[in-house]
């Protein structure tokens, strides 16, 4: 059954707002601007969040919005955007009169609305408190901790926070969390990394608040390696900043199997935490997330039960601390088929739109009906406009002709000017999903050759 909202629902796509402090560390202003803008482009995919009907507020117009709402049974979903966007969308809503008026109007005569953000930030909580205080709205936040518990979200979202709590809470932590040391300055981190190398071991140095593989350095044993060499690498990497650095064992994974589990944690007393979806993550390079694969075969893996148990145990403990909302836990499977837990991302995730679209289109048991692949960094060739992309892929748009659940759902078009777009492939089986993905690539290549 489709997800239906019985309370007026507003989505706030505050992607950049959640990451601007970290991504702004770059010593190259152009790099910072590009990284932060890329976060905002993810707002395109939120039109698939939270079922229907709803009002979505994004930083920029969604060029393919009408395509999604008309073809995918989101007829009650609309979106709005600031006239002069900043990277703080929650504050833009209050600053631009037409945005706050749209929220008030959407709340209706009962003046009640539930608001779902990408991430709960201090700016988002300010938006909520202002709507309650100054505009007399009843605002429900089913995915956000209250102000007094925001620190819990911030803490578990760091590498040190995850490592300290998971090591304390999980009885098998010594077997599923990579051995690592929390270091408090560059010198200590360099010395620790050298210690690993001197033992013939590769290690990974991680910024405490890294994002999408940024702030990660791999140090492998090599001739001539010194503490000074490693220290120099750290000092020329602005994303480490003045915060702890985690130096931990590198887990060899030749097949690059990186599962992730997402869990929703309701407010304490409102229900038990539940797993939303489990996926295999896709990467362009080391740690550079670009999508997920959701397929029933993942539940047959030997390590899946440990993943489910660990995710739910952490969720229950976090709920007791006052955490509310989604989180996902990223993992890696070693060459000897052992699961290792790496970190938690305390927010909606890179696959939430995939899960919620599938649930909306196929119901709660969609995992037994379809296989899905999302990809956020697809090459669009010479295509730079959403209508061009739609024409080129028209024969493959979901739902394709026939009785099978098959087709491509366009999810990100804002990045087309950079020759990049995002999509979800839907098919009855993994094999068919991969075949359709190849047909999409081929169609774009053929269009490029004809242009």
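Taking only the stretch 50-63 into account, find how many residues are surrounded by fewer than 23 Cβ atoms within 10 Å (Cβ to Cβ), touching a strand residue (DSSP E or B) at 6+ places or on another chain (Cβ under 9 Å) and either farther than 24 Å from residue 105 by Cα or in contact (Cβ under 8 Å) with a residue 40 or more places away in the chain (or both).
Selection size over the stretch 50-63: 4.
Do we find that residue 165 is within 25 Å of residue 22 (Cβ to Cβ) and outside the structural domain of residue 84 (by TED's automatic domain parsing) in this structure? Yes; evaluated as a whole, the condition is true for this residue. Looking across 322, 350, 311, one residue alone is surrounded by fewer than 18 Cβ atoms within 10 Å (Cβ to Cβ), in contact (Cβ under 8 Å) with a residue 12 or more places away in the chain and closer than 22 Å to residue 116 by Cβ. It is 322. Residue 218 meets all of the listed conditions (1) assigned to a strand (DSSP E or B); (2) touching a helix residue (DSSP H, G or I) at 6+ places or on another chain (Cβ under 7 Å); (3) over 18 Å from residue 27 (Cα atoms) but one, namely (2).
Is at least one residue of the stretch 135-155 within 30 Å of residue 238 (Cα to Cα), touching a strand residue (DSSP E or B) at 6+ places or on another chain (Cβ under 7 Å) and not assigned by TED's automatic domain parsing to the domain that holds residue 101? No, every residue in the stretch 135-155 fails to be within 30 Å of residue 238 (Cα to Cα), touching a strand residue (DSSP E or B) at 6+ places or on another chain (Cβ under 7 Å) and not assigned by TED's automatic domain parsing to the domain that holds residue 101.
Residue 179 meets each of the listed conditions (1) in contact with a strand residue (DSSP E or B) (Cβ under 6 Å, 6 or more places away or on another chain); (2) surrounded by 17 or more Cβ atoms within 10 Å (Cβ to Cβ) apart from (2). Listed by position, the strands (runs of 3 or more DSSP E) enclosed by the stretch 233-301 that each have at least 1 residues that are under 20 Å from residue 45 (Cβ atoms) are 259-265, 274-283, 289-294. Is it the case that some residue within the stretch 1-18 is part of a helix (DSSP H, G or I) and touching a strand residue (DSSP E or B) at 6+ places or on another chain (Cβ under 6 Å)? No, that holds for no residue.
If only residues of the stretch 190-204 that are crowded, with 19+ Cβ neighbours inside 10 Å and touching a helix residue (DSSP H, G or I) at 6+ places or on another chain (Cβ under 6 Å) are counted, the one that is farthest from residue 376 (Cα to Cα) is 194.
Looking across the stretch 396-435, the residues that are assigned to a helix (DSSP H, G or I) and more than 24 Å from the chain's Cα centre (by Cα) come down to 396, 431, 432, 435. When residue 106 is tested against the conditions (1) under 24 Å from residue 374 (Cβ atoms); (2) touching a residue at least 40 places away in the same chain (Cβ under 8 Å), the lone failure is (1).
Just to check your reading of the model, which residue among 377, 346, 358, 386 is modelled with pLDDT under 95 and in contact with a helix residue (DSSP H, G or I) (Cβ under 9 Å, 6 or more places away or on another chain)?
On inspection, the qualifying residue turns out to be 377.
Of all residues in the stretch 302-309, none satisfies being closer than 29 Å to residue 409 by Cα and at pLDDT below 95.
The values are calculated or read from the model by the stated rules, or taken from the named source; none is laboratory data. As the structure is a prediction and not an experimental result, all values here were calculated from the model. In this analysis, Cβ positions are derived from the backbone assuming ideal geometry, glycine residues included, and neighbour counts consider all displayed protein chains.
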